[in-house]
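K.L.:
Supplied in structure tokens, the structure appears directly below.
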Protein chains: 4
Amino acid sequence: MEHIGHRVWAIPEGFVPDGSTGPESMASHETACILNTGDEDAHVKITLFFPDREPAGPYEVAVPARRTLHQRFNELTDDGSVPVGADYASVLVSDVPVVVQHTRLDSRQAANALLSTIAYAS
Amino acid sequence: MEHIGHRVWAIPEGFVPDGSTGPESMASHETACILNTGDEDAHVKITLFFPDREPAGPYEVAVPARRTLHQRFNELTDDGSVPVGADYASVLVSDVPVVVQHTRLDSRQAANALLSTIAYAS
Amino acid sequence: MEHIGHRVWAIPEGFVPDGSTGPESMASHETACILNTGDEDAHVKITLFFPDREPAGPYEVAVPARRTLHQRFNELTDDGSVPVGADYASVLVSDVPVVVQHTRLDSRQAANALLSTIAYAS
Amino acid sequence: MEHIGHRVWAIPEGFVPDGSTGPESMASHETACILNTGDEDAHVKITLFFPDREPAGPYEVAVPARRTLHQRFNELTDDGSVPVGADYASVLVSDVPVVVQHTRLDSRQAANALLSTIAYAS
């Protein structure tokens, strides 16, 4: 299949809740779901934006040809770039067209909440 | 009415939770809502993408003229192509323009969570 | 302000849950939020599509100049055109550009679920 | 990074629930998440639309270069322009391109509900 999508995507809403309830599989998290439909691997650079300091990154992830990657933001770095319980935003720049969807599971309270939207394609 | 929409749609986020609470009508599921506003039947080929293996399908569904089909992914196949409790993504290719919206009900915990977004039109 | 948006909008996902919990203000419902930013009144014709029968409508609603209308689908008709507990889809056609967002509150179980997406603009 | 996005954005759905449960950090609120990826500050004028009266505003917020602002609507004014428990809609006009996402947390009942969508770009 050919490459579907765009090379630049933006997600203004980012927030990793600082608590969870329920089992580990239900831990609060925020995910960028990246779909690469084409025959070339995608190399995606993720830059994080904050309310009060300079952007961080870019962090690079790879999405092989004809694969999907559901990347949790809180597993993107281990240097604290994605602060738990604070606002951020993200931009993804790929070397081949991909499609990006943004999903958040919030399990701070016993009843989980879930949101999702196709990201903004530029 | 004329055909509204596009022929190619992508949904990067796919996840059928592996558990439910409550009555059968509230079972966890993921749905592609397809709307065919025009006077010709739509034949839609659905291909599934995974993190770690080649795509599966295409699986074909039909949406008659002037009808809507709310297709549950876990009823698309009975050969295990849609793994419960695992990540996937999907691409829908139609022979006439349609509109696609993606919805998930997650009822693993007593309190249900619900997400929805118009899919990415290519 | 000038008219922002498009004249034709589609919402493939439609489902009015057939039950609620909690007070009347939290009753399950599905809403088309229509924004008319311009100086001319908008006359919007809403057609409903079903899985297994011909479309119903159009039903006409008016959105005055510089106003927003949050139209509940279950208040659109009183002839049973919007079946409770069943699938449908909708198309909105306006005589001036408007913007449409689709929201559902599902309060069948004690814990509410909420979804929203900008509709598909044609 | 260059400026990504559009100058005009619309959010037809607006509703600040008139009640909350849980701790202050989980209070019901509605947010416009604005991302400014470029090197110039963004000055964003927010106009509010209602079902039954003339629009209010514009209210101006600033998003510095390379920053994100998650603006709660109920903190936009202190003159009652955003009525709690009532419908409204909003239009954001920026002097440089930005990206806007709309999120609502509804914690009127013990189980929270969450919605989000990329706003309509004009």
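The values are calculated or read from the model by the stated rules, or taken from the named source; none is laboratory data. These figures come from a predicted structure and were not determined experimentally. A quick note on method: Cβ atoms are made from the backbone with ideal geometry, for glycine too, and the neighbour counts reach across all protein chains shown. Side chains are part of the model used for accessible areas, which takes the heavy atoms of the whole protein and leaves out ligands, DNA and RNA. Shrake-Rupley method; radii C 1.70, N 1.55, O 1.52, S 1.80 Å.
K.L.:
Would you please list the contacts, defined by Cβ atoms under 6 Å and residues six or more apart or on different chains, that run from a residue in the stretch B:57-68 that is more than 10 Å from every other protein chain (Cβ to nearest Cβ) and under 16 Å from B:Gly5 (Cβ atoms) to a residue that is open to solvent by less than 40 Å² (accessible area, probe 1.4 Å) and of a type outside the set (S, T, N, Q)?
P.N.:
Pairs that qualify, where the first residue is more than 10 Å from every other protein chain (Cβ to nearest Cβ) and under 16 Å from B:Gly5 (Cβ atoms) and the partner is open to solvent by less than 40 Å² (accessible area, probe 1.4 Å) and of a type outside the set (S, T, N, Q), are B:Val61/B:Val44.
K.L.:
For the subset of the stretch D:7-53 comprising residues that are at pLDDT 75 or above and among the small types (Gly, Ala, Ser), which member is farthest from A:Trp9 (Cα to Cα)?
P.N.:
D:Gly14
K.L.:
Regarding D:Gly85, is this residue modelled with pLDDT of 80 or more and open to solvent by less than 60 Å² (accessible area, probe 1.4 Å)?
P.N.:
No; evaluated as a whole, the condition is false for this residue.
K.L.:
Something else about it: I'd like to check something: does the stretch B:89-97 contain any residue that is open to solvent by 40 Å² or more (accessible area, probe 1.4 Å), over 13 Å from B:Thr31 (Cβ atoms), within 16 Å of the chain's Cα centre (by Cα) and at pLDDT 95 or above?
P.N.:
yes
K.L.:
Could you list all residues from the stretch B:61-79 that are open to solvent by 50 Å² or more (accessible area, probe 1.4 Å) and either modelled with pLDDT of 95 or more or not acidic (Asp, Glu) (or both)?
P.N.:
Correct list: B:Ala62, B:Pro64, B:Arg66, B:Arg72, B:Asn74.
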